[in-house]
Protein chains: 2
Amino acid sequence: MVDYKMFELGDFVLQCGKTLRDAKLAYKTYGTLNDAKDNVIVYPTWYSGQHYENEWLIGEGKALDPAKYFIIIPNMFGNGLSTSPSNTPAPWNGPRFPNVTAYDNVKAQHKLVTELFGIETIKLVTGWSMGGLQTYHWGAMYPDMVKRILPFQGSAKCSRHNYVFLEGAKAALQADAAYDYGWYKEPPTRGLRAFGRVYAGWGLSQTFYRVEGDIKHMGYASLEDFLVGFWEGLFYTRDANNLLCMLWTWQNGDISNNEMYGGDLPKALGAIKAKAILMPASTDLYFPPEDNEIEAGHMPNAELRVIDTYWGHFAGGPGTSPDDIEVLDAALKELLAS
Amino acid sequence: MVDYKMFELGDFVLQCGKTLRDAKLAYKTYGTLNDAKDNVIVYPTWYSGQHYENEWLIGEGKALDPAKYFIIIPNMFGNGLSTSPSNTPAPWNGPRFPNVTAYDNVKAQHKLVTELFGIETIKLVTGWSMGGLQTYHWGAMYPDMVKRILPFQGSAKCSRHNYVFLEGAKAALQADAAYDYGWYKEPPTRGLRAFGRVYAGWGLSQTFYRVEGDIKHMGYASLEDFLVGFWEGLFYTRDANNLLCMLWTWQNGDISNNEMYGGDLPKALGAIKAKAILMPASTDLYFPPEDNEIEAGHMPNAELRVIDTYWGHFAGGPGTSPDDIEVLDAALKELLAS
């Protein structure tokens, strides 16, 4: 029961100078492309997530309404559906899979949007977390094509602290000798579970845990029930090399790290013509509002709008926090109507 | 060149119902006990730290001046000097070492202070982080004896979020099969280094990393230089079972979890007669100011005084942040003079 399609990219040369042979982009669309081809929303995936894990924001009466818009969810390279360490044949399989940047991802997505659908203008790009990173890339790489962006709990460049958090999670995974430098025959489950437990402290805020959101909002019976059921559960079934591939993409995310901007981040931010609402969460531990505030200062057409919440990074998470989703959905509607 | 002494506790029964046989408390004193025995400061150690790693706050002209005060630093159980998994003979060695609470630690310290030195009144108890946890315990367990407390970047009870952060670090260590459930013959260095890398994101704030405090203030050449040199360096030489012993102590820290208070935290906080200044750091990621603010609301004689800093938990760390130490030292002087 495959609910997505594959776009053939052919041999796709990456920023790192290696080639993804027979590269494929898995994608799903919602709604109908109108004749003017001007009702397009692109909605990239988050770290480790697949398209169906983005669907909570789409629906009748919501901002992302398939009755009005043609919504495209492209799966990120490395997420197990698009070309990934886990589905690439030797010699480029597993730990030999090349480093892929967010720039590479968005370049591939642009080919999908333009070559397959003949789309020339995009009404909105939006996404959560690493989906937000890709959203900024869309704005900076295709400033004339992208009219609006709303990255939520994401950033244009991975901050040094965010990088360090990810190093911790990575080290936990790789501490498991079963990982075997990526040559595992069986999943390194101890390391994957440790990865999830490290993530647990970062994904939600101090206040979330203090008020027992895990029990009161998310339906777990105890803290340990939550740590195993939610956090170990989120990662232990994912492929370790895939996780590390996307982690590299995240750590090296930077809209200016390309020939267009030559590492000049203010220049890249300044080139984004799209009308933008940047929506960090007040208590996000790895995308703190300050990072977006600094970005907004360099963007000609951006508004910083902080979501006041104790859900931390998961304010815009996959359907977990109804109050925050309401705020997000209203902002998306406002931006789309403007 | 041993610079500390050992206090013999004999057979010391713990809260968990097990006995530390021939238990020993390693301690060091600074200055001279006066005839009235009323110039005493107790200054417990932090997580994994040993007495000499507390000394940065002691010195001529500082609040903790050995010319005026008799300062006692008791080493925490499990820190490798006092009775610990690493120095206890079988059958209670390594992973069989019993669970020790902060209550147990402070009870043992109280024996040292009263039985060895005949001290009946304590002018001040102060400590950083887990030293702060022990400080609160002193105030709640011996309310008539302790006149002043100044816990910095600590709390009276381990918060649920703090517990989760520690679970992540623990899982990283234990993901290393070389740990072998505590029966390692060689140190599980991969796990210990992962432990340090997980810690790296927590110990300092997002802003600290954004402004490159690792390079500008701490003298490292790059982020990776800091991650290996400082964070892996901080933990890879420590004994894994010792680290896990103290981690349990931390996670289960709670001044009310004893017969005196029966789990009633507001009651235990309310029983602290000492004049108190609670000094969290504004950007501490695992002891956020809110936790101390809630505590202060239950304490009859406490002032909340937040240190405004981007050093996070390391605001009061072992000598790393001169500006914050100045603020801390001034508060200690003020409290001692009151």
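I'm told residue B:178 meets every condition in (1) in a strand (DSSP E or B); (2) farther than 30 Å from residue B:326 by Cα except one. Can you identify the failing condition by its number?
Only one criterion is unmet by residue B:178, namely (1).
Scan the range A:181-191 residue by residue and report those that are at the interface with chain B (Cβ under 9 Å from one of its Cβ atoms) and in contact (Cβ under 8 Å) with a residue 40 or more places away in the chain.
Filtering the range A:181-191 down to residues at the interface with chain B (Cβ under 9 Å from one of its Cβ atoms) leaves A:188, A:190-191.
Passing the criteria: A:188, A:191.
Which one of the conditions (1) under 30 Å from residue B:273 (Cβ atoms); (2) touching a Phe, Trp or Tyr at 6+ places or on another chain (Cβ under 7 Å) does residue B:115 fail to meet, given that it meets all the rest?
(2)
Within the range B:89-98, identify whether any single residue is surrounded by 24 or more Cβ atoms within 10 Å (Cβ to Cβ) and at pLDDT 95 or above, and answer yes or no. Please lay out each step first, then the result.
Pass one, the range B:89-98, residues surrounded by 24 or more Cβ atoms within 10 Å (Cβ to Cβ): B:97.
From what is left, the residues that are at pLDDT 95 or above are B:97.
Yes, the range B:89-98 contains at least one residue that is surrounded by 24 or more Cβ atoms within 10 Å (Cβ to Cβ) and at pLDDT 95 or above.
Might you check whether a residue that is touching a Gly at 6+ places or on another chain (Cβ under 8 Å), more than 8 Å from every other protein chain (Cβ to nearest Cβ), outside any loop (DSSP other than H, G, I, E, B) and farther than 18 Å from residue A:159 by Cα occurs anywhere in the range A:209-231?
Checking the range A:209-231: at least one residue is touching a Gly at 6+ places or on another chain (Cβ under 8 Å), more than 8 Å from every other protein chain (Cβ to nearest Cβ), outside any loop (DSSP other than H, G, I, E, B) and farther than 18 Å from residue A:159 by Cα.
For the range B:237-338, which helices (runs of 4 or more DSSP H) that fit wholly inside it have 1 or more residues that are basic (Lys, Arg) and assigned by TED's automatic domain parsing to the domain that holds residue B:81? Spell out how you get there, then give the answer.
Values: elements: B:240-251, B:265-270, B:289-296, B:322-337.
Qualifying helices (runs of 4 or more DSSP H): B:265-270, B:322-337.
Do the conditions hold for residue A:309, that is, is it within 21 Å of the chain's Cα centre (by Cα) and surrounded by fewer than 22 Cβ atoms within 10 Å (Cβ to Cβ)?
Details: within 21 Å of the chain's Cα centre (by Cα): yes; surrounded by fewer than 22 Cβ atoms within 10 Å (Cβ to Cβ): yes.
The answer is yes for residue A:309.
Among the listed residues B:3, B:65, B:11, B:35, which satisfies the condition of being among the acidic types (Asp, Glu) and within 30 Å of residue B:259 (Cα to Cα)?
Working: B:3 fails: within 30 Å of residue B:259 (Cα to Cα); B:65 fails: within 30 Å of residue B:259 (Cα to Cα); B:35 fails: within 30 Å of residue B:259 (Cα to Cα).
From the options B:3, B:65, B:11, B:35, the qualifying one is B:11.
Yes or no: residue B:265 crowded, with 23+ Cβ neighbours inside 10 Å, over 29 Å from residue A:251 (Cα atoms) and not β-branched (Val, Ile, Thr)? Before the answer, list the steps.
Numbers: crowded, with 23+ Cβ neighbours inside 10 Å: no; over 29 Å from residue A:251 (Cα atoms): yes; not β-branched (Val, Ile, Thr): yes.
Taking the combined requirement at face value, the residue does not satisfy it.
So which of A:268, A:331, A:276 ends up being of a type in the set (Gly, Ala, Ser) and touching a helix residue (DSSP H, G or I) at 6+ places or on another chain (Cβ under 6 Å)?
A:268
Quick one: which residue in B:183, B:248 is of a type in the set (Phe, Trp, Tyr), modelled with pLDDT of 95 or more and surrounded by fewer than 17 Cβ atoms within 10 Å (Cβ to Cβ)?
Values: B:248 fails: surrounded by fewer than 17 Cβ atoms within 10 Å (Cβ to Cβ).
Only one candidate qualifies: B:183.
For residues that are away from chain A (no Cβ under 14 Å) and acidic (Asp, Glu), tally how many sit in the range B:259-293. Give the derivation first.
Applying the first criterion (away from chain A (no Cβ under 14 Å)) to the range B:259-293 yields B:259-264, B:266-279.
Add one more test, that the residue is acidic (Asp, Glu), and what stays is B:259, B:264.
Count: 2.
Run down A:227, A:234 and say which single residue is surrounded by fewer than 20 Cβ atoms within 10 Å (Cβ to Cβ) and either touching a Ser or Thr at 6+ places or on another chain (Cβ under 6 Å) or not assigned by TED's automatic domain parsing to the domain that holds residue A:311 (or both). Walk me through it before giving the result.
Details: A:227 fails: surrounded by fewer than 20 Cβ atoms within 10 Å (Cβ to Cβ).
Result: A:234 is the single residue among A:227, A:234 that is surrounded by fewer than 20 Cβ atoms within 10 Å (Cβ to Cβ) and either touching a Ser or Thr at 6+ places or on another chain (Cβ under 6 Å) or not assigned by TED's automatic domain parsing to the domain that holds residue A:311 (or both).
Quick one: what pairs do we get from the range B:114-140, first residue closer than 23 Å to residue B:334 by Cβ, second among the acidic types (Asp, Glu) and at pLDDT 95 or above, C-beta under 6 Å, 6+ apart or different chains?
B:121/B:38
Quick one: which residue in A:169, A:194, A:177, A:140 is surrounded by 24 or more Cβ atoms within 10 Å (Cβ to Cβ) and at the interface with chain B (Cβ under 7 Å from one of its Cβ atoms)? Full working, then the answer.
On the way: A:169 fails: at the interface with chain B (Cβ under 7 Å from one of its Cβ atoms); A:177 fails: surrounded by 24 or more Cβ atoms within 10 Å (Cβ to Cβ); A:140 fails: at the interface with chain B (Cβ under 7 Å from one of its Cβ atoms).
Residue meeting the stated conditions: A:194.
Across the range A:146-162, what is the number of residues that are surrounded by fewer than 22 Cβ atoms within 10 Å (Cβ to Cβ) and within 9 Å of chain B (Cβ to nearest Cβ)?
Summing the residues that are surrounded by fewer than 22 Cβ atoms within 10 Å (Cβ to Cβ) and within 9 Å of chain B (Cβ to nearest Cβ) in the range A:146-162 gives 2.
Could you pull out the residue among B:276, B:315 that is of a type outside the set (S, T, N, Q), more than 29 Å from residue B:211 (Cα to Cα) and out of contact with any His (no Cβ under 9 Å at 6 or more places or on another chain)? Even if it seems obvious, please write down each step before you answer.
Values: B:315 fails: more than 29 Å from residue B:211 (Cα to Cα).
Going through B:276, B:315 in turn, just one is of a type outside the set (S, T, N, Q), more than 29 Å from residue B:211 (Cα to Cα) and out of contact with any His (no Cβ under 9 Å at 6 or more places or on another chain): B:276.
The values are calculated or read from the model by the stated rules, or taken from the named source; none is laboratory data. Remember, predicted model here, so these are calculated numbers, not experimental data. Using ideal geometry, Cβ is built from the backbone for each residue, glycine included, and neighbour counts are taken over all protein chains shown.
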